[in-house]
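The values are calculated or read from the model by the stated rules, or taken from the named source; none is laboratory data. Predicted, not measured: the structure shown is a model, and the values here were computed from it. Because the Cβ atoms are built from the backbone with ideal geometry, glycine has one as well, and the counts that use them run over all protein chains shown.
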Amino acid sequence: MKSLATFLIAISTAAGLAAPVAMPAAQKKKLDTFFSNFSEASVAGFKRGALTDDAMLQFGLSHLYINSPKSLKKTADGNSVIASAAQVDTATVKYFGKKIATHKQQSYSIPQASGEAFTFSQIDTLDATDKSTFKASGTIYTTGSGGTPDVHGSPAAWKKAGEEVSAAGKFRALIKLEADRYILVEYTIEP
């Protein structure tokens, strides 16, 4: 049966059609986490080849602040943290496959904030367009500050746990698999 599914995907992609990909639970969790990086950083949509340095910078700074706060240096007044251009490049290479062309400065100040809404994504569908490129679609969820839902859970499970989670929108994306990691190539947000 598995070889038949592989054969059908191969025929569909050879014909230029997208073929649905079955996602084992581990792959779905990995993709949920991958796409959550973009929704939590409020990445705006972009077309293939049109991702700007400013958009990558904003993503890199937000991503570092949310996911690697201990790697950032606090300012003397304690109101901000500092991220280096090299740290930003590490994040953009990991998620977009490229660095910012020219940094305007060697480090960036990020104001410290709290009380932000908690935002995450879950992938709904994954279609192969070729052996390494996939179309994905999913849902962006949000909950108020302090919410701690299981980001891999379901609306029924969140309701049962007393978590107030709402769908904030949908996303569509084109991703590429490179060396066991995904790269975001195109991203669209829909209400």
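In the range 160-176, the residues that are farther than 12 Å from Thr119 by Cα form Cβ pairs under 9 Å with partners that are modelled with pLDDT of 95 or more and of a type in the set (Lys, Arg), at six or more places apart or across chains, as follows: Arg172/Lys135; Ala173/Lys135; Leu174/Arg48; Leu174/Lys135; Ile175/Lys135. Residues in the range 28-68 that are of a type in the set (A, V, I, L, M, F, W, C) and assigned to a loop (DSSP other than H, G, I, E, B): 5 in all. Taking every residue in the range 91-120 that is small (Gly, Ala, Ser) and pairing it with any residue that is in a loop (DSSP other than H, G, I, E, B), at least 6 positions away or on another chain, the pairs with Cβ-Cβ distances below 9 Å are Ala91/Ser68; Ser109/Thr75; Ser114/Ser145; Gly115/Ser145; Gly115/Gly146; Ala117/Gly144; Ala117/Ser145; Ala117/Gly147.
Considering the range 115-140, and only residues there that are among the aliphatic types (A, V, I, L, M) and over 14 Å from the mean Cα position of the chain (by Cα), the residue that is surrounded by the most Cβ atoms within 10 Å (Cβ to Cβ) turns out to be Leu126.
Can you name every residue in the range 11-27 that is part of a helix (DSSP H, G or I) and modelled with pLDDT of 50 or more? Break it down into steps so the answer makes sense when it comes.
Within the range 11-27, the subset part of a helix (DSSP H, G or I) is 11-14, 25-27.
Within the range 11-27, Ala25, Ala26, Gln27 meet the criteria.
Conditions tested, residue by residue: (1) closer than 27 Å to Gln27 by Cα; (2) surrounded by 15 or more Cβ atoms within 10 Å (Cβ to Cβ).
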{"residue": "Ser80", "(1), (2)": "no, yes"}
{"residue": "Thr92", "(1), (2)": "yes, yes"}
{"residue": "Lys98", "(1), (2)": "yes, no"}
{"residue": "Gln106", "(1), (2)": "no, no"}
{"residue": "Thr142", "(1), (2)": "yes, yes"}
{"residue": "His152", "(1), (2)": "yes, no"}
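Each residue in the range 178-191 was checked for being surrounded by fewer than 17 Cβ atoms within 10 Å (Cβ to Cβ) and either at pLDDT below 95 or in contact with a helix residue (DSSP H, G or I) (Cβ under 6 Å, 6 or more places away or on another chain) (or both), and 6 pass.
Answer with yes or no whether Asp89 is more than 22 Å from Ala22 (Cβ to Cβ) and not in a loop (DSSP other than H, G, I, E, B). I'd like the intermediate steps shown before the answer.
Values: more than 22 Å from Ala22 (Cβ to Cβ): yes; not in a loop (DSSP other than H, G, I, E, B): yes.
Criteria met by Asp89.
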